[in-house]
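Below: one structure, written as structure tokens.
Every number in this text was worked out from the coordinates using simple rules, so none of it is lab data. If you're wondering where the values come from, they're calculated on a predicted model, not measured in any experiment. Cβ coordinates were reconstructed from backbone atoms using ideal geometry, including for glycine residues, and neighbour counts include every protein chain displayed.
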Amino acid sequence: MAETTANTGAVFRKDRTGGIWFFLGRRLSITLLTLFLVSLVTFLAFALIPGDPALLVLGIEASNEQVLALRIEMGLDKSLPEQYWAWLGKFLSGDLGNSARFRGASIAGLILERLPVTFSLAILSLVFMLLIAVPAVLVSVKKEGGIADRILNTLTALNISFPGFFLGVLFIWIFGIVLRLFVPGAYIDYRQDPLSFAAYLVFPALTLALPNAAILVKFLRAQILQQLKLDYVRSALARGAGRRQVLYGHVLKNAAIPGITLLGMIVGEIFAGSIVIEQVFAIPGIGRLLISSITSRDYSTVQTLVVYMAFMVVLSNTLADIIIRIIDPRISAGSGGAS
């Protein structure tokens, strides 16, 4: 009997391990296919835009011979499939080309210079978001229907309603102009003074964090309240378990699974580049680079940044799916529901 039980446990562990590896392989395949399709659609979208990229780089005063020579150098004399495979090969090798907006500067260099800024802003905003959302959810659930719950519901509704640019302008006016806690527009480079750089990012990070925290609070509150009405909670309470024990031991874990999916979407958007917030607070990150490249019609840089942003969104959602599978192996690889 003991031998049979041991064999059954070994088979279960083997099946579980094999299932996880199958899930990871399948999820990675879907991610790679998604990124390939994104790169293809992005390339075609910019290839079909009216205008001559070579003429855009050289200017209208360039001669026909100069334009033709640059077209050949850029590979524009080839068919679209040949252009795409050549572009994709260079992209995968790290050769992202040069920027027309920044006088031929390397696009890879421009992105790498701004990545620490955007990533620092993203990490700080995520920390603020979790510090705000998690306690707010717990207070709201424990005090359901009370004054604290109603106040939190009102504040979350207001934060969701405010557009990002309006909240940013409001923060600049209140904390920058009225209270003078920071100087709007006085960005300090992280290589020059890391502490002043981090201090300047506090209010932009809060501007990013508050609406996302409000969305997370509303979502998790609904999930937790829904879980509290299920039979397993009533059974646990009937057996003598305390509400606090049931909440922290079972309900939060079950409610966290869909919450991680939402968090993955939020993380992807933040790390992709907070375009509006970087513009409002004059932060030279990925989002501001995208805006300046669009306004100057620097299509090579825009194309690369669109693929980068898509990559960050897909990567964050893939990681969220993997974390969910680790937390609860019963989640099926394809459906996102319990198998």
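Sorted fewest first by neighbouring Cβ atoms within 10 angstrom, SER29, SER296 come out as SER29, SER296.
Stretching TYR84 away from ARG244 to a fully extended chain increases their span by 51.8 nm, per 0.36 nm per residue minus the current alpha-carbon distance.
Stretching ALA199 away from GLU144 to a fully extended chain increases their span by 16.2 nm, per 0.36 nm per residue minus the current alpha-carbon distance. In this structure, the amide hydrogen of ASN98, modeled 1.01 Å from its nitrogen in the peptide plane, lies closer than 5 angstrom to those of ILE107, counting only residues at least 5 positions away or on a different chain. Take the Cβ atoms of LEU92 and ILE294, set R0 to 22 Å, and the FRET efficiency comes out at 0.35. Label point of LEU131 set 7 angstrom out along Cα-Cβ; within region 183-211, amide nitrogens under 17 Å from it belong to 195-211.
For trypsin sites (Lys or Arg not before Pro), the sites in region 108-161 that DSSP calls loop and that have at most 16 other Cβ atoms within 10 Å are LYS143.
Mean projection of the alpha-carbon convex hull of region 107-327 over all orientations, in nm²? For the Cα atoms of region 107-327, the hull's average projected area reads 14.4 nm².
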